[in-house]
Structure formats: C-alpha cells, structure tokens
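Worksheet: the structure to be examined is printed underneath.
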C-alpha cells in the first residue's frame, strides 16, 4: 500500500495489491493466534484466554488507529505546506489538513497529492510496526519454540 500511495497517480488500483496482501496476511494469522492463545491454558480457562486475546487486540487497534490518524494529518499538512510554500499560516495549514483528512475537498487540486503523502506515512508506519512486532516475537519466542511445538504431541481435549 505504501508503494501504491507513492505512485505518480495514486488511486484504488495502485493500493489494491497491497490491501489484498495485508488482508490475506491478517486472515492467515488471526486463527492460529487465537488457537495458540486458547490452547496454551487449561480448558476451563480458555474463555478467559480468549477474552484477554480480544482485549489486547482491541487496545492495540485503538492505539494504532490514533497513531495512524496523527501520521495521516501530519503527512497531509506536510504536503500542503510544500505546495503552498508560505501562503498560509501554520494553524491554517493544520486546520486545512484536518479537513482533508475528514474527507472534505477543502484544498481543491492540492488535496490529492497531500492525501497520498499522508496515506504513505500511515502505511509506512503500519509496515514498520509489523516488522518490529515480528522481530520482537522471534526474539521472545525464538525459532526453537516452533520446532518444539511441531515435535510435541497435540493436547487432547477432555470433556467431562
């Protein structure tokens, strides 16, 4: 998505491949993460583990939406500042950037490139954050953990 937003004429077609890749990645990861979370505790505590898993997802989602929104407005403001080069005061540029981020075409023809710049910053953050989290997971859990999981017999569910 970052590359698509930086294209000469960004639009839905340039962002779609990245969006499909991100969606497929989320789809492939969500179920194994939930299964791992609930399988790592005794059966009578699986509901608690599922609740903690969902709470952690929602908190991280809220924080990341706020950060991405801030980066979007900052990128739009930078794009407008570069295009207007001193014709507007800083508070007016920030207000205009917020209006563009809210979907208003307040900046006329200047909105598109500025919005692409803001979207590029937000998607760059998303990609870097995903890589950092993956690296932290590898350091925390190590490559040996997945090898041990493959050799350990699966736990059997006991009803009763």
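Going by the conditions given, is residue 54 part of a helix (DSSP H, G or I), closer than 30 Å to residue 141 by Cβ and within 23 Å of the chain's Cα centre (by Cα)?
Yes, satisfied.
Would you confirm, using the coordinates I've provided, whether residue 61 is free of Cβ contacts under 8 Å to residues at least 40 places away in the same chain and within 24 Å of the chain's Cα centre (by Cα)?
Judged against the criteria, residue 61 is a match.
Quick check: is even one residue across region 80-93 in a loop (DSSP other than H, G, I, E, B) and surrounded by 21 or more Cβ atoms within 10 Å (Cβ to Cβ)?
No, every residue in region 80-93 fails to be in a loop (DSSP other than H, G, I, E, B) and surrounded by 21 or more Cβ atoms within 10 Å (Cβ to Cβ).
Can you name the residue in region 1-24 that is at pLDDT 75 or above and over 13 Å from the mean Cα position of the chain (by Cα) and is also surrounded by the fewest Cβ atoms within 10 Å (Cβ to Cβ) among such residues?
Selected residue: 12.
Considering only residues that are under 23 Å from residue 8 (Cβ atoms) and not in a helix (DSSP H, G or I), which ones fall in region 104-117?
Hits for region 104-117 are 105, 107.
Here is a list: 63, 59. Which entry is out of contact with any strand residue (DSSP E or B) (no Cβ under 9 Å at 6 or more places or on another chain), closer than 21 Å to residue 121 by Cβ and assigned to a helix (DSSP H, G or I)?
Only one candidate passes the filter, namely 63.
The values are calculated or read from the model by the stated rules, or taken from the named source; none is laboratory data. From a predicted model like this one, the values you see are computed outputs, not experimental measurements. A quick note on method: Cβ atoms are made from the backbone with ideal geometry, for glycine too, and the neighbour counts reach across all protein chains shown.
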